[in-house]
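> Shown below is the structure under consideration.
The values are calculated or read from the model by the stated rules, or taken from the named source; none is laboratory data. Just so we're clear, the structure is a prediction, and the values are computed from it rather than from any experiment. Counting neighbours? That spans all protein chains shown, and the Cβs are built from the backbone with ideal geometry, glycine included.
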Amino acid sequence: MRKATVAIVGRPNVGKSTIFNRLIGERVSIVEDTPGVTRDRIYAEVEWLTTRFNMIDTGGIEVSDEPLLTKIRHQAEIAIDEADVIIFLVNGKDGITAADEEVAKILYKSKKPTVLAVNKIDNFEMRDQIYEFYALGFGEPFPISGTHGLGLGDLLDEVITHFPKLEDVEEDDEVIYFSVIGRPNVGKSSLVNAIVNEERVIVSNIEGTTRDAVDTFIHKDNQDFVIIDTAGIRKRGKVYESTEKYSVLRALRAIDRSDVVLVVLDAETGIREQDKTIAGYAHDAGRAIVIVVNKWDMIDRTETSMQEFEDKIRNQFQFLDYAPIIFLSAKTKKRLQRLIPIIKLVSESHTKRIPTNVLNDVIMDALAMNPTPTVKGKRLKILYTTQVAVKPPTFVVFVNEPELMHFSFKRFLENRIRESFGFTGTPIHIVARKRS
Ligand code: GDP
Ligand code: GDP
């Protein structure tokens, strides 16, 4: 289901990151365990009372070497493009500055719901300092203190009242939602256009329905598909769109609602660090993944060129060893028609359930060949295993001592499960639980 998105906007040093970090607390939707993946948090999930929403710290998106006013104008534009509600943050200690007025002008024109928060009001006596901010034209300013955690509840109460009605966009279990992610210029929008033209979109942005206006619908092989957020991909030409942080932000937003994620690489420029960052997010989110090597028409093909590129990918994306790779060209449409069947295949893996008795037969067979490890004289005992969830498939292994189940043994079980049941294209999670 689509969640509302809130962005924090304001000039440097007003406390955006402080507030962002305080609001996300420990509830970061990003699991930080993929080596080599940088995680500057600019996007995370927040839960307030019973409402979940996504939060963006626009301060984290730097458009390099721009004068201050241009920079904050870009940040305000990002917030307007990406968010449903904006928190406009100012510094109560400084009073209104020219930069605040610049931000106010842009936000005012956009007509996006905006809540004004005055930060660094660290104690009750300082509250009088908020009144001058009425002049910015956003109604009642909310006094808060990021460092002391004051006033945030009242602020969020107000923010939530401005959320669009999203309850009715309940997503359909029968539909496969997928997104196309990758760094700038790998060919995401060309690929989306190619798919859409090839597959003859049945319905698109149906008025008056509960569908999200930025999605595109495809019907093929008796299956409905939705490409998430195609509007965002196809929109072009803003200065910040080529920045790394922005492309990460876009990817995170798209991953959030997807069942299947197409991670697009560029055959011409090869693999870059940023490709790994973006793929790492999809993996961490537990989505089914297809690696798409686009622009294959640009490669001087020899008998081994495809194998060589595949080896490179396997070597650099070891955490994606389960993801199928497809080499294609959005330009010539070569092998494009194989894409939808692969998306369907990995989606089936992502939602597959293995009956407990069948699963245990496989695990017991595996244990007969490879006894469980012992740690300090104590042997790991596996009682039984059961699949508790899909999207991604998640298995709970009941054991005598969960600490005895090391990463390498989990990996062994994962490999046996994959050998027996497939699970192409989906991560699988294995959790050890104590049962004596
Ligand atoms: P950003 O540039 O807007 O993201 O601002 P930061 O979050 O990096 O904060 C800038 C500075 O203001 C840091 O030194 C923070 O410790 C400080 N700061 C943030 N919130 C508060 C607050 O509520 N009270 C006080 N006194 N200082 C704060
Ligand atoms: P995006 O930024 O990831 O959405 O990338 P675009 O779809 O805008 O493509 C970037 C550039 O790569 C454009 O000039 C496209 O024409 C070109 N391009 C995209 N796909 C292909 C392809 O399959 N082959 C070739 N040769 N060029 C492509």
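> If we only count helices (runs of 4 or more DSSP H) wholly inside segment 335-436, which ones have 2 or more residues that are outside the structural domain of residue 282 (by TED's automatic domain parsing) and touching a helix residue (DSSP H, G or I) at 6+ places or on another chain (Cβ under 6 Å)?
Helices (runs of 4 or more DSSP H) meeting the threshold: 356-369, 407-421.
> So, one more: Please specify each residue of segment 120-143 satisfying the condition of being exposed (fewer than 13 other Cβ atoms within 10 Å of the Cβ) and either hydroxyl-bearing (Ser, Thr, Tyr) or farther than 20 Å from residue 101 by Cβ (or both).
Matches in segment 120-143: 123, 124, 125, 128, 131, 134.
> In this structure, is residue 97 among the polar types (S, T, N, Q) and touching a helix residue (DSSP H, G or I) at 6+ places or on another chain (Cβ under 6 Å)?
no
> How many residues, within segment 315-330, are modelled with pLDDT under 95 and within 16 Å of ligand 2 (Cβ to nearest atom)?
Matching residues across segment 315-330 total 0.
> It is to be established whether one or more residues within segment 207-228 are modelled with pLDDT under 75 and assigned to a helix (DSSP H, G or I).
For segment 207-228, residues modelled with pLDDT under 75 and assigned to a helix (DSSP H, G or I): absent.
> While we're on this one: Among the residues of segment 300-318, which ones are part of a loop (DSSP other than H, G, I, E, B) and either touching a Phe, Trp or Tyr at 6+ places or on another chain (Cβ under 8 Å) or of a type in the set (S, T, N, Q) (or both)?
Passing the criteria: 302, 304.
> Answer yes if at least one residue in segment 128-150 is within 16 Å of ligand 1 (Cβ to nearest atom), touching a residue at least 60 places away in the same chain (Cβ under 8 Å), on the phi > 0 side of the Ramachandran plot and of a type in the set (Gly, Ala, Ser), and no otherwise.
Checking segment 128-150: at least one residue is within 16 Å of ligand 1 (Cβ to nearest atom), touching a residue at least 60 places away in the same chain (Cβ under 8 Å), on the phi > 0 side of the Ramachandran plot and of a type in the set (Gly, Ala, Ser).
A quick yes/no check of all residues on (1) within 30 Å of residue 274 (Cβ to Cβ); (2) outside the structural domain of residue 392 (by TED's automatic domain parsing); (3) under 26 Å from the mean Cα position of the chain (by Cα); (4) modelled with pLDDT of 95 or more:
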| position | (1), (2), (3), (4) |
| --- | --- |
| 141 | no, yes, no, yes |
| 144 | no, yes, no, yes |
| 148 | no, yes, no, no |
| 159 | no, yes, yes, yes |
| 182 | yes, yes, yes, no |
| 186 | yes, yes, yes, no |
| 189 | yes, yes, yes, no |
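> A follow-up question, please. I'd like to verify a number: residues in segment 88-129 that are in a loop (DSSP other than H, G, I, E, B) and under 19 Å from residue 13 (Cβ atoms), how many?
9
> Could you identify the single residue in 248, 239 that is touching a His at 6+ places or on another chain (Cβ under 8 Å) and either of a type in the set (Asp, Glu) or at pLDDT below 90 (or both)?
From the options 248, 239, the qualifying one is 239.
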